[in-house]
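Presented below is the structure to which this report refers.
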Amino acid sequence: MGAGGAASQRAQDARRQERLLREQWQAARRQALRWSAVGEGEQRVLAQLLVLTARGWRLLVDRRWSGTRISGADMLLVGPGGVFVIDVTAGGRPDDGQAAGLLAATKAAESAVASLGMSPVAVQPLMVFAGQRLDTSRGRIRLLGEHEIGPALLSQRHRLRPESVRAIADHLERVFPGHAGSSVDQRTPPAPEQHRPGPPDGLFDLEGLRDAALKGAMRAPIEQWMTFLHPDQVALVRRDWAGPARISGPAGTGKTVVALHRAAYLARRTTGRILYVTFANNLPRVQSTFLEAMAPAVADRVDFRSLHSWAQEFLQERGIPVRLHGDKAETAFSLAWKNVGRESRLAELDPAPTYWREEIDYVIKGRGLTRFEEYVTVPRRRRKARLHRAHRQAVWELYEAYESLRGERGVHDFNDVLSLALAETARRRERPPYAAVIVDEVQDLTLVGVRLLHALVGDAPNGLLLVGDGQQTVYPGGFRLTDAGIDIRGDRGQVLRTNYRNSERILEAALSVVADDAFEDIDGLRTPGRRDVDLTYHDGDVVRVTRPTVEAHDGELLDALRALPDGGRADTALLCPSMRAIGHYQRLLTQAGIPVCQLEHYDGRAVDAVKLGTYRRAKGLEFKYVFLPRYDAVFAKGTQAGTPAGPPAGTSGGTPGGTETSETAREREELLRSRLFVAMTRARDLLWLGSVGP
């Protein structure tokens, strides 16, 4: 068809749609006129809503709001955009009584749909003003004029499939029955182009709807899957906590998803801003995109930040100079090691300066220690090397030399930024800048970082939520919440135990890596590496490929990537243990014509490219297909010069040759296994493990 023919066809389609819409409006108007209990303005609003019912929406009017003392809403509308609790008025601005009644009805609707696995963010209160033009908000309530209501509802992001709309409307109709004589005939002429035959009303029972929601989310792009909330998690999103709270649980149990929904829930119920913090720099972009998809009405009320970027901005706003310079700080440490550390007793335990730099970063400065007397007695959590007093004295001398050289260069390191911010919050105690702070992957923060975030909200009800899992630690060092002055009591400490992401095969492969690595979480409890987890997903698979050369291995990898289903690249990640490996596979995929998106640039939006990044960059993310090329190479080459390393499956105490492995080497190996475990558990449908060897 030529350009002119195509334009003519589009014009005919537009005229047909306009004629159909006019017919629907006239039919809806006739139905609304029969509703004699309301005025003319309310009838016009009702007519607009009835038009929506011809496009797959369901309208319930004049409900009996069980569980509320006041009748605060006229209608319930269920459609692709969610559930809307609507109050129609012919007056001016709403008074406090009207607003309270509408919010009470909204809360009742939230409770009703929670059993179906619908997040509270999908239930929205609307107040519609007949005869006015208006689009604003009053707290959580959106205020619309009669001319704005239709376009506003039609422009909502689709979150419910047609079968879910029917089942949810049926459920609400049973929970909130109508008054006698309140029914409205919704049989307006359907739109032939959009009508889809479906099962009759009432076909879906509760379990059926849950299964349908889960399967629908799994068919969607992985970005939409990560915003899916299971019914068992809804209660945590809505819970009222009397002080700081914590959500923990094994990989795949939906901790981040719950935290995102909690952020949206709190944003709807407070006037202040919500701070959502994580350690990694790339996660805030992704999480912000997910929240915008879940709850666009409140997305601008939640600040997603990495901890260090937030602290730097906080200090700049307070007029505190920050001279963060990583390269100069690294040079200062290298000189300190050369002058003080290399010939000290520390080299007997580990000649590699990296271990001692970590000791300073995560134990001394990460815990905010300023005197040797503090350091000599402090428990070095998650550090395996036993340090006697003489060793700690040598570490402290190295630390003092580093601080002196860093000060001479006039620069700060990342730990200094957090310590300065903590000192500033203690010096100038003002009204908390945030209504709530949510911390994701809390186990990767330092003690100073946790103290800083706690200081922003204190022990206020619903103020601080800590989310994470000690088994997924990817950085050395550790702390306990009691060290930070945080007291998690009673039901404010929740453990998720159902894995919604990984199949049994994928999870078993990952757990075999860390099975022998018991760990201490931030609550101080010692937990075995192999934990009991309930599984809901059983279709994922593990593919192991071993080839004698790197070239043959990489050829198999490219063949597997090319064999992905249509659109599969958008849901695929290729993860590596090091930046050097990242460079190799960036070149390999580019030369093969396979699009690549670096994880550090990924923002959570679907893109037709393989996501490429390190194990650590993948924290907090999920993918349908995960490829780990040469995943065991890091163990094969050892963790320090002259020291053989154990295999991926947890070994402790020695090596196959009988040589005793040093304590620092075993600590490195355990951390490597933890990172590999994180990478493996990112996979939902396929985990591809590549090896080079006999």
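All of the numbers you see were taken from the coordinates with simple rules; none came from a lab. What you are looking at is a predicted structure, and each value in this text was computed from that prediction instead of being measured. With ideal geometry, Cβ positions are generated from the backbone for all residues, glycine too; neighbour counts draw on all protein chains shown.
Across the options ALA401, GLN287, ALA297, the greatest Cα extent toward the positive end of the charge dipole of segment 287-432 (unit charges at beta carbon of Lys, Arg, Asp, Glu) belongs to ALA401.
Note on segment 432-496: the alpha carbon radius of gyration divided by the globular reference 2.2 N^0.38 Å gives 1.08.
Neighbour counts of C-beta atoms inside 10 Å place HIS454, HIS388, HIS147 in the sequence HIS388, HIS147, HIS454, starting with the fewest. Can you pull the Kirkwood radius for segment 326-411, inverse mean 1/r over Cα pairs, to one decimal in Å? Kirkwood hydrodynamic radius for segment 326-411: 13.0 Å.
In plain terms, the residue of THR370, THR536 with the fewest other Cβ atoms within 10 Å comes first and the most crowded comes last, giving THR370, THR536. Residue exposure proxy: ARG684, ARG133, ordered by other Cβ atoms within 10 angstrom of their Cβ from fewest to most, comes out as ARG133, ARG684. The relative contact order of segment 519-692 comes to 30 percent, based on Cα pairs under 8 Å that sit 6 or more residues apart. Rg/Rh, computed from the Cα trace of segment 538-589 with Rh as the Kirkwood radius, has the value 0.97. Eigen-decomposition of the gyration tensor built on the alpha-carbon atoms of segment 467-535 gives equivalent ellipsoid semi-axes of 24, 16, 9 angstrom, largest listed first. For segment 326-411, averaging the sequence separation of C-alpha pairs within contact (under 8 Å, six or more residues apart) and dividing by the residue count gives a relative contact order of 52 percent.
Close amide H partners of CYS597, meaning residues 5 or more places away or on another chain with modelled amide H under 5 Å apart, are VAL610, LYS611, LEU612.
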